[in-house]
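Down below is the structure, laid out as structure tokens.
The values are calculated or read from the model by the stated rules, or taken from the named source; none is laboratory data. Being a predicted model, the structure only gives us computed values, none of them experimental. Positions of Cβ are generated from backbone atoms using ideal geometry, with glycine treated the same way; all protein chains shown enter the neighbour counts.
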Amino acid sequence: MVGGGRIPITREITEILDIPVIGRGRINDPILAEKVVADGSVDLVGLARAIIADPDFPRKMQEGRRGDIRKCIGCDVGCADRLFAQRKIRCAVNFDYGREDEAWAGLMSTKDPKDIAVIGGGPAGMESARGLAYRGHNVTLYEKSDSLGGLVLTASAIPYLNTRDLRNALPWQKQELDRAGVTVIMNKEISPEDVETMNVDAVILATDSEPAYPAIPGVQLPNVVHVYDYINKQGALGKKVVVIGGAEGAEAAVSIAREGHAVTVIEENLEAGAADYIYPIRRSELQEYLGDEKVEVLLNTSAVRMEDDGVAVTDSQGDEKTIEADTVVIAYARKSNGNALVEALRKKGIPNYSIGDCNELLWCQSRDILPTKTKLSGSVEVKLLVINGRVK
Ligand SMILES: Cc1cc2nc3c(=O)[nH]c(=O)nc-3n(C[C@H](O)[C@H](O)[C@H](O)COP(=O)(O)OP(=O)(O)OC[C@H]3O[C@@H](n4cnc5c(N)ncnc54)[C@H](O)[C@@H]3O)c2cc1C
Ligand SMILES: Cc1cc2nc3c(=O)[nH]c(=O)nc-3n(C[C@H](O)[C@H](O)[C@H](O)COP(=O)(O)O)c2cc1C
Ligand code: SF4
């Protein structure tokens with residue numbers, strides 16, 4: 001369901017009733033909220049998750065501060081997922097939510113401000129930089145590319161599947177960096193050599209993960225591309241496409257099929273779409289889309305060899321067959337990058353903490369939800385708010 005997806009149905013009800021009608025369903029954008037009232041689709045807007053993500057959503061609208069609203073990313077993992085599991089509700093983008101009865105009293109000012117470098121401007125780096133700066137630390141964030149947002153920029157850009165709500169987190173995060181007084185240095189890749197001249201009290205490593213490839217013959221063939229290449233529209237796909245990896249690859253498979261390709265998904269496990277970040281409701285919706293788009297899903301099946309015109313696979317019985325393919329898309333799970341910077345920081349004696357995908361692939365909406373309060377060792381005491389990860 002995309003933003004306001006149920007509003008057309010609600011409009012039909014509004015039109016026949018002469019009592020006020022409240023419409024709801026993923027209205028997580030103030031412009032959309034205004035539009036559905038203005039065009040007569042609903043009389044009132046009901047917000048549930050949008051309020052969990054930012055309890056001041058309506059107040060900020062009233063005060064003309066639309067840009068200050070922290071928008072819900074529609075993940076469900078912190079709220080609905082935990083609700084059904086009868087767990088305390090949390091929110092992927094609002095650490096404070098649901099902690100009223102806990103010792104957590106929000107970000108506290110530090111009595112001992114430190115110089116801290118955050119390396120990596122993805123969601124994990126931005127959130128930790130924000131939290132640290134609000135506490136009063138002097139924070140510099142380094143990002144090697146020319147944009148903040150990291151892999152979310154790719155994850156939210158699947159061509160024919162709407163995952164754009166994921167990107168909702170980014171404008172607020174960027175704005176808060178500025179407001180919190182973080183110095184942001186773009187287009188600067190921090191190398192082990194840079195570490196030698198670094199003069200800071202602590203470093204937060206929030207660098208990225210690496211794409212993983214299956215260790216099988218033929219992965220270097222020219223008809224083999226990575227799912228990032230597909231999402232980022234680098235190169236054309238052939239008529240018959242095999243996607244290897246039905247967890248992170250299922251969303252791309254739907255999108256590729258919607259573009260008119262014949263798609264087969266190879267998945268070693270027993271379910272497609274079972275990436276950690278694809279919550280059960282979203283997962284069953286995705287599985288329906290795979291069916292609707294006539295994607296052939298081969299479960300319990302492993303790719304054993306890439307060939308010029310296909311992929312050799314074995315099923316659970318060990319029987320081998322070849323699936324024809326003009327293009328093979330690799331959507332294997334990513335791997336944490338191990339981080340060459342850790343050794344350099346250790347040598348230099350700078351306390352360092354790896355968070356987010358470079359440490360463990362926990363996703364923005366990790367089960368136990370993100371923000372972690374912790375003490376950094378030594379004299380640097382901070383409470384970290386970390387989207388997408390724990391602090392080691
Ligand atoms: C197809 C796809 C769909 C996904 N869908 C979802 C989803 O629905 N929900 C979800 O929660 N997650 C999803 N994810 C995963 C999500 O994108 C990542 O978990 C998240 O982006 C990790 O955040 P991060 O900040 O740890 O790392 P990244 O987002 O990888 O950011 C790391 C940043 O560090 C920078 N960097 C790296 N090295 C250096 C250096 N030496 N110096 C300076 N900068 C550096 C990089 O340029 C990058 O900007 C998806 C991923 C993929 C591939
Ligand atoms: C944590 C949580 C609890 C909810 N509890 C109820 C409930 O008790 N009764 C109900 O009718 N709807 C409940 N809902 C559904 C919401 O009222 C709302 O219809 C739905 O979340 C879609 O709107 P939204 O996109 O603004 O979240 C709940 C939703 C969430 C996320
Ligand atoms: S957990 Fe996700 S879906 Fe639920 S309110 Fe927070 S951002 Fe929105």
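Just one of the numbered conditions (1) at pLDDT below 90; (2) in a loop (DSSP other than H, G, I, E, B); (3) not aromatic (Phe, Trp, Tyr) is not true of Ser145: (1). Scanning the stretch 79-134 for residues that are within 16 Å of ligand 1 (Cβ to nearest atom) and farther than 30 Å from Glu189 by Cβ gives Cys79, Ala80, Asp81, Arg82, Arg90, Cys91, Asn94. Number of residues in the stretch 21-63 that are within 13 Å of ligand 2 (Cβ to nearest atom) and under 11 Å from Ile7 (Cα atoms): the value is 11. Answer yes or no: is there a residue in the stretch 55-64 that is under 24 Å from Asn162 (Cα atoms) and at pLDDT 95 or above. Yes, the stretch 55-64 contains at least one residue that is under 24 Å from Asn162 (Cα atoms) and at pLDDT 95 or above.
Residues checked against (1) buried (at least 20 other Cβ atoms within 10 Å of the Cβ); (2) in contact with a Gly (Cβ under 9 Å, 6 or more places away or on another chain); (3) within 21 Å of Leu205 (Cβ to Cβ); (4) not polar (S, T, N, Q):
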{"residue": "Gly98", "(1), (2), (3), (4)": "no, yes, no, yes"}
{"residue": "Glu102", "(1), (2), (3), (4)": "no, no, no, yes"}
{"residue": "Val118", "(1), (2), (3), (4)": "yes, yes, yes, yes"}
{"residue": "Ser128", "(1), (2), (3), (4)": "yes, yes, yes, no"}
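Over 29 Å from Glu176 (Cβ atoms), surrounded by 15 or more Cβ atoms within 10 Å (Cβ to Cβ) and more than 16 Å from ligand 1 (Cβ to nearest atom): is that true of Val36 in this structure? Here the answer is no, as Val36 does not meet what is asked.
Here is a yes/no grid of residues against (1) in a loop (DSSP other than H, G, I, E, B); (2) crowded, with 18+ Cβ neighbours inside 10 Å; (3) β-branched (Val, Ile, Thr):
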| site | (1), (2), (3) |
| --- | --- |
| Met306 | no, yes, no |
| Gln317 | yes, no, no |
| Ile323 | no, yes, yes |
| Val329 | no, yes, yes |
| Ala333 | yes, no, no |
| Leu341 | no, yes, no |
| Ala344 | no, yes, no |
| Asp357 | no, yes, no |
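Within the stretch 116-138, being of a type outside the set (A, V, I, L, M) and either within 16 Å of ligand 3 (Cβ to nearest atom) or outside the structural domain of Gly149 (by TED's automatic domain parsing) (or both) holds for Pro123, Glu127. Those helices (runs of 4 or more DSSP H) of the stretch 1-109 in which 2 or more residues are more than 15 Å from ligand 3 (Cβ to nearest atom) and of a type in the set (D, E, K, R) occupy 7-16, 30-38, 57-62. Taking the stretch 234-257, which residues are over 17 Å from Thr301 (Cβ atoms), surrounded by 24 or more Cβ atoms within 10 Å (Cβ to Cβ) and in contact with a His (Cβ under 8 Å, 6 or more places away or on another chain)? Listed by number, the list is empty, since nothing qualifies.
Against the numbered list (1) under 28 Å from Tyr277 (Cβ atoms); (2) buried (at least 20 other Cβ atoms within 10 Å of the Cβ); (3) aliphatic (A, V, I, L, M), Ala85 comes up short only at (2). When the stretch 1-33 is filtered for residues that are in contact with a Ser or Thr (Cβ under 9 Å, 6 or more places away or on another chain) and surrounded by 15 or more Cβ atoms within 10 Å (Cβ to Cβ), the ones remaining, listed by number, are Gly4, Ile7, Thr10, Arg11, Thr14, Val21, Gly23, Arg24, Gly25. The residue of the stretch 169-184 that is nearest to Gly149 (Cα to Cα), among those that are assigned to a helix (DSSP H, G or I) and within 14 Å of ligand 1 (Cβ to nearest atom), is Leu170.
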